[in-house]
Structure formats: structure tokens, C-alpha cells
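Just below is one structure, and these are the notes that go with it.
The values are calculated or read from the model by the stated rules, or taken from the named source; none is laboratory data. Predicted model, so just to flag it, every value in this text is computed and none were measured. Every residue, glycine among them, receives a Cβ derived from its backbone with ideal geometry; neighbour counts consider all protein chains shown.
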């Protein structure tokens with residue numbers, strides 16, 4: 001840090017197993033990715049190329065190299081996995097992981113109807129090629145799962161080989177974990193935490209109020225995802241109690 005302040009909460013150091021931040025790249029250029037890494041690299045662990053943007057991203061190899069060179073793990077959004085699966089191109093997806101030397105891969109079923117047993121089989125297969133991050137929850141705001149269902153799916157995916165679970169909210173932060181207003185489904189979160197270790201979950205929290213909620217609930221070193229690149233510094237100061245919303249939390 002640039003100077004000394006007392007009573008600052010201790011952040012985990014990279015490579016982290018908790019306190020991870022996953023940033024959502026919705027289509028940054030190579031130059032924008034370089035600019036982002038110039039300030040955000042110390043505070044970012046993963047960059048997800050959102051949904052299927054990798055399919056149309058110019059100079060994709062170069063952008064992935066920017067993130068790797070900065071010590072960040074890039075990976076493709078789970079919707080791309082679904083786009084391959086629904087077209088009966090799963091083997092092509094595996095070859096894609098090898099072609100782009102991706103160490104992490106997301107498996108999800110937020111946009112397609114996939115029996116959960118089949119999803120777990122995909123997790124086990126992908127885990128032979130990359131470290132799996134699997135997403136639980138639907139992108140359809142009309143599909144509201146009971147807490148026991150979330151927990152059952154999460155446990156099964158961990159048993160199938162998932163390294164970390166993503167709790168779904170979309171990039172908008174108004175489905176899955178959240179009500180349409182963006183308000184956290186607190187009862188759901190509490191029940192999940194009673195059954196699943198918090199370090200196993202990356203909570204999608206694109207909105208500041210959601211980030212603050214999880215920092216207050218779990219602590220500085222909660223895993224958070226779907227963060228806007230422009231918000232990485234704001235989030236890190238929030239984690240450290242150096243922003244109004246958490247200013248008195250760690251003194």
C-alpha cells in the first residue's frame with residue numbers, strides 16, 4: 001500500500017482460496033484489458049469473458065495473454081459451454097479448452113434444460129481437462145428454486161468434481177440469489193451457508209449493495225463475482241473498510 005493505516009482487515013494473498021474476486025469482461029478490447037490490468041491485477045483473481053463473448057472477441061489470443069501475463073486466470077462464460085452442448089458439440093468444447101490453454105472452465109445450465117445428473121456427468125468430464133467452476137441457479141427470473149434444492153444441487157456438483165460453485169445472479173444482479181429489485185434473498189443465503197462452506201462459493205454480486213451485504217455477512221475475504229472492471233478498486237476499498245458502506249466495520 002502507499003502509506004500506513006492501522007486497523008485494516010487482513011486480505012488473503014494470491015493465489016487465494018478465499019477472498020477471490022471474479023471480474024466480468026463483457027467485451028473489453030486488448031488495450032482496455034491492458035489498462036484494467038495496470039490497476040486491477042493485484043485485486044483480481046479471475047476474469048470471465050461473459051456469456052458467449054469469446055466467440056466474437058477480436059484478438060482473443062492476445063487478450064487472454066494480457067490476463068495470464070498479469071497473473072490472472074481467464075475463462076469463458078458458462079453460456080458458451082451451453083451453446084456447445086445444445087448443438088451436440090461437447091467434444092468441440094473440450095478441444096476449445098485445449099486450443100486456448102484454459103486452466104479453468106465453467107459448466108452451467110442457466111439457459112438450457114439439462115437434467116442435473118447429466119450436468120454432473122459433464123462436470124466430471126470437463127474436470128479431466130480443466131479446473132471446473134460450476135454455476136447453480138437459473139437465468140430465468142420466473143424459476144425460483146427452494147433453498148433445499150440449491151443445497152442439493154451444490155452438494156452434487158462438488159461431489160462430481162467442481163472446485164468452486166458460482167451462485168447465479170446474472171450480470172444484472174436481479175435473478176437467482178436476488179429478487180427482481182436486486183434485494184438479497186437472505187433466507188436462501190443463510191440456509192446455503194448452513195450446509196456449504198463459504199469458501200466453496202463465489203457469490204455473483206454485481207451491485208454495490210450486494211457486495212456490501214456479503215462483506216458484512218461473511219467478512220473481508222468473501223468470494224465475489226460478476227464485478228465490473230471499472231469497480232475493482234471500489235470493491236477492494238469496500239473490502240478494506242475504506243469506503244462509507246463498511247467504514248466502521250473493521251475499526
message = What pairs come out if I take residues in the range 1-18 that are over 19 Å from residue 44 (Cβ atoms) and pair them with residues that are modelled with pLDDT of 95 or more and in a loop (DSSP other than H, G, I, E, B) whose C-beta lies under 6 Å away, six or more apart or interchain?
response = 8/240
key: Criterion: in a helix (DSSP H, G or I), touching a helix residue (DSSP H, G or I) at 6+ places or on another chain (Cβ under 9 Å) and either modelled with pLDDT of 95 or more or over 28 Å from residue 246 (Cα atoms) (or both) - qualifying residue of 23, 66   = 66
request  = Considering every residue within the range 181-201, establish whether at least one is buried (at least 17 other Cβ atoms within 10 Å of the Cβ), within 17 Å of residue 78 (Cα to Cα) and at pLDDT 95 or above.
outcome  = yes
note = Pairing a residue in the range 86-101 that is on the phi > 0 side of the Ramachandran plot with any residue that is in a helix (DSSP H, G or I) and modelled with pLDDT of 95 or more, where Cβ atoms lie under 9 Å and the two sit 6 or more apart in sequence or on different chains, gives 101/64; 101/68
task = Would you check if residue 41 is at pLDDT 95 or above, out of contact with any strand residue (DSSP E or B) (no Cβ under 6 Å at 6 or more places or on another chain) and assigned to a helix (DSSP H, G or I)?
result = yes
query = Can you tell me how many residues in the range 122-138 are part of a helix (DSSP H, G or I) and either under 14 Å from the mean Cα position of the chain (by Cα) or closer than 14 Å to residue 82 by Cα (or both)?
reply = 3
task = Residues being modelled with pLDDT of 80 or more and either surrounded by 16 or more Cβ atoms within 10 Å (Cβ to Cβ) or in contact with a helix residue (DSSP H, G or I) (Cβ under 7 Å, 6 or more places away or on another chain) (or both): count how many of those fall in the range 138-153.
result = 5
inquiry  = For the range 232-251, give me each residue that is closer than 14 Å to residue 40 by Cα and either surrounded by 21 or more Cβ atoms within 10 Å (Cβ to Cβ) or touching a residue at least 40 places away in the same chain (Cβ under 8 Å) (or both).
reply    = 232, 233, 235, 236
inquiry  = One residue is enough: does the range 154-176 have a residue meeting the conditions at pLDDT below 95, closer than 30 Å to residue 127 by Cα and in contact with a helix residue (DSSP H, G or I) (Cβ under 7 Å, 6 or more places away or on another chain)?
reply    = yes
task = Given the conditions (1) modelled with pLDDT of 95 or more; (2) more than 24 Å from residue 190 (Cβ to Cβ); (3) not in a helix (DSSP H, G or I), report the number of the one that residue 98 does not fulfil.
result = (3)
key: Selected residue [touching a helix residue (DSSP H, G or I) at 6+ places or on another chain (Cβ under 9 Å), touching a residue at least 60 places away in the same chain (Cβ under 8 Å), surrounded by 16 or more Cβ atoms within 10 Å (Cβ to Cβ) and more than 27 Å from residue 150 (Cα to Cα)] from 206, 229   = 229
ask   = Just for the range 45-63: of the residues that are in contact with a helix residue (DSSP H, G or I) (Cβ under 6 Å, 6 or more places away or on another chain) and closer than 20 Å to residue 224 by Cβ, which one is surrounded by the most Cβ atoms within 10 Å (Cβ to Cβ)?
value = 47
ask   = So is residue 81 crowded, with 19+ Cβ neighbours inside 10 Å and modelled with pLDDT of 95 or more or not?
value = yes
query = Which residues, taken from the range 224-251, are assigned to a loop (DSSP other than H, G, I, E, B) and in contact with a strand residue (DSSP E or B) (Cβ under 9 Å, 6 or more places away or on another chain)?
reply = 228
